[in-house]
1. What residue, of Glu51, Glu66, is in contact with a Leu (Cβ under 9 Å, 6 or more places away or on another chain) and either of a type outside the set (A, V, I, L, M) or over 24 Å from Cys184 (Cα atoms) (or both)?
2. How about the stretch 167-217: which of its residues are of a type in the set (Val, Ile, Thr) and either in contact with a strand residue (DSSP E or B) (Cβ under 9 Å, 6 or more places away or on another chain) or at pLDDT 95 or above (or both)?
3. Residues being in a helix (DSSP H, G or I) and either of a type in the set (Val, Ile, Thr) or loosely packed, with under 14 Cβ neighbours inside 10 Å (or both): count how many of those fall in the stretch 1-22.
4. How about the stretch 33-63: which of its residues are farther than 18 Å from Lys204 by Cα, in contact with a Phe, Trp or Tyr (Cβ under 8 Å, 6 or more places away or on another chain) and not in a loop (DSSP other than H, G, I, E, B)?
5. When you look at Met65, is it hydrophobic (A, V, I, L, M, F, W, C), at pLDDT 95 or above and in contact with a Gly (Cβ under 9 Å, 6 or more places away or on another chain), yes or no?
6. Out of the stretch 174-217, which residues are part of a strand (DSSP E or B), without any contact (Cβ under 8 Å) to a residue 24 or more places away in the chain and among the hydrophobic types (A, V, I, L, M, F, W, C)?
7. Taking Ser44 as meeting all but one of (1) exposed (fewer than 15 other Cβ atoms within 10 Å of the Cβ); (2) of a type outside the set (Val, Ile, Thr); (3) in contact with a helix residue (DSSP H, G or I) (Cβ under 8 Å, 6 or more places away or on another chain); (4) farther than 23 Å from Ala134 by Cα, write down the number of the exception.
Amino acid sequence: MNIEHTRFNMIAQQIRPWDVSNQKVLALLDKVKREEYVPSALRSLAFVDMETPIGHGEFMMAPKMEARILQELDIQPNDLILEIGTGSGYLTALLAALGQHVTSVDIIPEFTTQARAKLLAHHIANVSLETGDAALDWPSHNAYDVIVLTGSTPILPQSLLNLLSLQGRLFAVTGDAPAMTAQCITRVDSKNWVTRNLFETVIKPLQHAAQPERFVF
């Protein structure tokens, strides 16, 4: 397999047709080696249009989803970023290449350990990796310019929205399968947020994601 040719095809045939035209994002996807973040036994699937299993019942997002997230969030060099769900560390690496600093949290200690090793191996230093449960909130002295939830949540907690700086953007997939919506939410002032619905999709929920009140018959 010619890896560079396969990477080119991934960008040309999967990502560009999914309304990703930002040249900075496309160049980054060519630069950051996705195959080095995929479990070694599944490296041949690194560029396939699918979610890739990474253990513990969790998955890497499909490449086109990762690309759309980066494009929609319009990350700037001075942005402070919170990633909820480190997973393989690949999206973490992409976020770190675009922003000033990434705090990435995962509930599974093994993912934190593995991601730290991969990021260090690629000399990515502007990342803080934490093990914990950030599905509902994350204690911080910082306001974040960008927040990314890498798993879905039936409802989006107000506590996460409150972590955004003014003009900060949050990406989340909300709702229950089979009807989930990818959203980008911007904080416009101290008490108001604006939501853009991006596309329909289905991804696995975050562990301990917020739940709406449900009727029991």
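The values are calculated or read from the model by the stated rules, or taken from the named source; none is laboratory data. Everything numeric here is computed off the predicted structure, so don't read it as measured data. Don't worry about glycine lacking a Cβ; one is built from the backbone with ideal geometry, like all the others, and counts go over all protein chains shown.
1. Values: Glu51 fails: in contact with a Leu (Cβ under 9 Å, 6 or more places away or on another chain).
It is Glu66.
2. Step one: filter the stretch 167-217 for residues of a type in the set (Val, Ile, Thr), giving 173-174, 181, 185-186, 188, 194-195, 201-203, 216.
Hits for the stretch 167-217 are Val173, Thr174, Thr181, Ile185, Thr186, Val188, Val194, Thr195, Thr201, Val202, Ile203.
3. Let us first name the residues in the stretch 1-22 that are in a helix (DSSP H, G or I), namely 3-18.
If we keep only those that are either of a type in the set (Val, Ile, Thr) or loosely packed, with under 14 Cβ neighbours inside 10 Å (or both) as well, we get 3-6, 8-9, 11-13, 15, 17.
Residues that pass the stated criteria total 11.
4. Arg34, Glu35
5. On the way: hydrophobic (A, V, I, L, M, F, W, C): yes; at pLDDT 95 or above: yes; in contact with a Gly (Cβ under 9 Å, 6 or more places away or on another chain): no.
So Met65 does not fit the description; no.
6. Ala179, Val188, Val194
7. (3)
Yes or no, residue by residue, for (1) of a type outside the set (Val, Ile, Thr); (2) surrounded by fewer than 21 Cβ atoms within 10 Å (Cβ to Cβ):
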position	(1), (2)
Lys24	yes, yes
Tyr37	yes, no
Ile81	no, no
Gly85	yes, no
Pro109	yes, yes
His123	yes, yes
